Amino acid sequence: MGLRYGIGPEIVRDLNFSIAPRSFQFLTGPSGAGKTTLLRLMLLSLRPTRGTIRIFGQNSAELRNDELTALRRRIGMVFQDFRLLDHLTTYENVALPLRATGRGEGTYRTEVIELLKWVGLGDRMAASPTVLSGGEKQRAAIARALIVRPELLLADEPTGNVDPGLARRLLRLFVELHRLGTAVVIATHDLHLMDQFSFARRLVVGDGRVTIYDGVS
Amino acid sequence: MIEIVAEIPRAKNALPAFSRNVPLIPANSVAGRALVVVVAIMTFLACLTAGAALLVAKASQEWRSDVLREVTIQVKPLTNDDIETLVAKAATVAAQAPGVASARPYSKTDSERLLEPWLGAGLDFSLLPVPRIIVVRMRESSAENLARLREALARDAPEASLDDHRIWAARLGMMARAIVALATALFALVIVALATAIGFATRGAMAGSKEIVEILHFVGAADAFIANEFQAHFRRLGFRGALIGVSAAFAFFLGAAALSSWWANSPGGDEIAAMFGAFSLDGVGYVALAAVGAAVSLLTGYLSRSIVLKDLQKLQ
């Protein structure tokens with residue numbers, strides 16, 4: 001698989017790898033190497049200019065819009081810049097994926113409140129993202145990705161805006177999610193953090209290619 | 001010593017109001033307010049044209065009904081017979097004809113007064129063979145009754161001739177239909193202009209809400225869900241605009257009705273009343289204006305939904 005923007009050079013090329021169900025991996029490499037691009041390809045928000053992506057057993061090039069929507073409901077994404085909606089409260093942001101499926105507010109209220117408490121935002125439910133700290137926004141973004149209990153979680157630098165202590169706590173949260181059955185891909189360039197989770201596979205992006213290092217059992 | 005006491009507002013941290021679903025497309029934006037103004041103006045213009053068409057259509061029906069119910073018998077003093085006798089005879093024949101409600105002869109003075117605008121006052125009309133008029137009111141306008149009246153006059157009062165104003169009524173009707181057609185065309189143009197403005201506003205809102213649309217896609221929202229959100233957003237804006245426009249149109253027609261009744265006794269009042277009736281819409285008219293407002297509100301939502309759905313198909 002390869003991808004280029006317009007007539008420019010290929011950002012990523014000759015990629016050939018798979019993410020196994022219930023696996024845990026870091027996606028790493030220097031800034032600008034194409035980590036975010038790879039995550040967006042996995043989220044199907046970008047289409048490869050050559051080659052194919054097979055996701056949950058389906059060829060992404062052959063997906064209809066409704067099938068694409070159904071697949072995205074099985075994926076949770078944590079963006080580097082959080083991408084929370086400022087005119088909604090933290091609670092409404094976290095509930096958004098459930099609301100988007102057409103569920104009534106009464107049917108998911110308890111789940112959302114419990115998850116918000118679990119990520120330590122129980123007392124910030126009514127706050128607008130504009131008044132949240134970087135760490136709180138990060139946790140809200142993570143909660144939004146987790147609320148649908150995704151089969152695949154993609155996180156782009158989820159610890160980039162938080163202090164080392166919180167970063168470790170967030171990572172433990174992802175590990176816990178992995179144990180519950182979710183495949184996790186975390187993009188980061190924090191080597192120290194990766195070293196603390198040596199069991200994780202590492203996908204190292206460089207020069208548009210990916211080199212894979214299996215984790216230590 | 002200066003002591004500063006800062007109180008951190010806690011309202012932001014209070015439990016949210018869970019009972020409502022906040023609109024995902026922010027309600028208050030500059031583009032949104034501009035659209036409310038455009039919809040308000042367009043709705044007002046649409047209501048004006050619709051109201052004018054209704055007024056003219058109603059007035060035209062009244063004119064034609066009045067004109068066709070009234071016919072005129074003219075008695076010309078062409079023989080040496082006494083004109084008063086001929087008039088009385090023709091009036092009697094007319095009054096006895098089927099379908100006639102009344103036959104009122106104009107007196108000699110009345111007939112002469114009809115000529116005053118053209119010949120001036122103070123003229124000695126005894127030197128002129130002034131024809132005499134009998135105004136006949138029919139119970140209902142029917143060609144059969146008119147034919148019988150014409151026959152009766154030809155048989156029993158041959159000096160009298162009947163004028164049933166049908167040509168005049170036909171011209172009035174044609175003019176009224178032309179005015180109604182023009183108002184309908186203007187109404188259609190206003191609606192087309194409104195639809196175009198909604199199209200621009202929707203695409204503007206979509207461009208302004210690109211981030212929201214992207215996030216909604218990423219969290220698994222279907223195109224129909226996003227389109228519903230835009231539809232609800234524009235229906236709300238459309239409703240606000242339409243409400244303002246319809247209210248302004250109500251105020252205009254109510255004000256016009258009050259003014260026309262105030263002018264009714266002035267010299268120009270007769271002409272205005274002849275053209276637009278009493279210049280007041282009836283209950284059906286106001287219901288029609290409210291229906292225009294409701295239709296504009298629904299049209300705004302529906303159009304934006306179809307535009308959003310079409311654009312989302314290209315986006316994914």
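The values are calculated or read from the model by the stated rules, or taken from the named source; none is laboratory data. What you see is a predicted model, and the numbers here were worked out from it, not measured in a lab. Cβ sites come from the backbone with ideal geometry, for glycine too, and all protein chains shown count toward neighbours.
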Discussion item. Can you confirm whether A:Phe56 is hydrophobic (A, V, I, L, M, F, W, C) and surrounded by 22 or more Cβ atoms within 10 Å (Cβ to Cβ)?
Written reply: no
Item to complete: Select from region B:88-109 the residues that are assigned to a helix (DSSP H, G or I), of a type in the set (Val, Ile, Thr) and closer than 15 Å to B:Arg150 by Cα and list them in ascending order.
Response: B:Thr92, B:Val93
Worksheet item: What about B:Ala207, is it farther than 30 Å from B:Ala290 by Cβ and more than 14 Å from every other protein chain (Cβ to nearest Cβ)?
Response: yes
Worksheet item: Which one of B:Val136, B:Val130 is part of a loop (DSSP other than H, G, I, E, B) and crowded, with 16+ Cβ neighbours inside 10 Å?
Response: B:Val130
Fill in: Breaking point among (1) exposed (fewer than 15 other Cβ atoms within 10 Å of the Cβ); (2) within 30 Å of B:Ser280 (Cβ to Cβ); (3) touching a residue at least 12 places away in the same chain (Cβ under 8 Å); (4) aliphatic (A, V, I, L, M), for B:Met174
(3)
Practice prompt. Select, from B:Val213, B:Val192, B:Val219, the only residue that is within 19 Å of A:Leu46 (Cβ to Cβ) and either in contact with a strand residue (DSSP E or B) (Cβ under 9 Å, 6 or more places away or on another chain) or surrounded by fewer than 15 Cβ atoms within 10 Å (Cβ to Cβ) (or both).
Written response: B:Val219
Discussion item. Taking the criterion of being of a type in the set (A, V, I, L, M) and free of Cβ contacts under 8 Å to residues at least 40 places away in the same chain, would at least one residue in region B:97-109 satisfy it?
Written reply: yes
Item to complete: Determine if region A:88-96 includes at least one residue that is closer than 29 Å to A:Gly29 by Cα and of a type in the set (Ser, Thr, Tyr).
Response: no
Item to complete: Please note which helices (runs of 4 or more DSSP H) are completely contained in region B:141-257 and include at least 3 residues that are under 20 Å from B:Ile41 (Cβ atoms).
Response: B:166-208
Worksheet entry | Contacts under 6 angstrom Cβ, first residue in region B:244-258 being over 16 Å from B:Val36 (Cα atoms), partner outside any helix (DSSP H, G or I) and hydrophobic (A, V, I, L, M, F, W, C), 6 or more apart | B:Phe253/B:Leu281; B:Ala256/B:Phe279; B:Ala257/B:Phe279
Worksheet item: Scanning region A:104-122 for residues that are assigned to a loop (DSSP other than H, G, I, E, B) and within 11 Å of another protein chain (Cβ to nearest Cβ), which turns out nearest to the chain's Cα centre (by Cα)?
Response: A:Leu121
Item to complete: Hey, could you check region A:64-85 for residues that are part of a loop (DSSP other than H, G, I, E, B) and facing chain B (nearest Cβ under 9 Å) and say which is farthest from the chain's Cα centre (by Cα)?
Response: A:Leu85
Worksheet item: In this structure, is A:Met125 buried (at least 21 other Cβ atoms within 10 Å of the Cβ), in contact with a strand residue (DSSP E or B) (Cβ under 7 Å, 6 or more places away or on another chain) and facing chain B (nearest Cβ under 9 Å)?
Response: no
Practice prompt. Please go through region A:123-155 and pick out each residue that is of a type in the set (A, V, I, L, M), part of a loop (DSSP other than H, G, I, E, B) and within 19 Å of B:Ala221 (Cα to Cα).
Written response: A:Ile147, A:Val148
Fill in: Number of the condition not met by A:Ser133 [criteria: (1) among the small types (Gly, Ala, Ser); (2) buried (at least 17 other Cβ atoms within 10 Å of the Cβ); (3) not assigned by TED's automatic domain parsing to the domain that holds A:Leu41]
(2)
Discussion item. When you scan region A:81-98, do you find a residue that is of a type in the set (Phe, Trp, Tyr) and in contact (Cβ under 8 Å) with a residue 40 or more places away in the chain, even just one?
Written reply: yes
Worksheet item: Of the residues that make up region A:190-199, is at least one touching a strand residue (DSSP E or B) at 6+ places or on another chain (Cβ under 8 Å), under 29 Å from A:Gly2 (Cβ atoms) and part of a helix (DSSP H, G or I)?
Response: yes
Fill in: Subset tally (residues that are at the interface with another protein chain (Cβ under 10 Å from one of its Cβ atoms) and in contact (Cβ under 8 Å) with a residue 40 or more places away in the chain) for region B:210-227
6
Practice prompt. Filter region A:169-210 down to the residues that are closer than 24 Å to A:Arg13 by Cα and among the β-branched types (Val, Ile, Thr), then identify the one that is modelled with the lowest pLDDT.
Written response: A:Val210
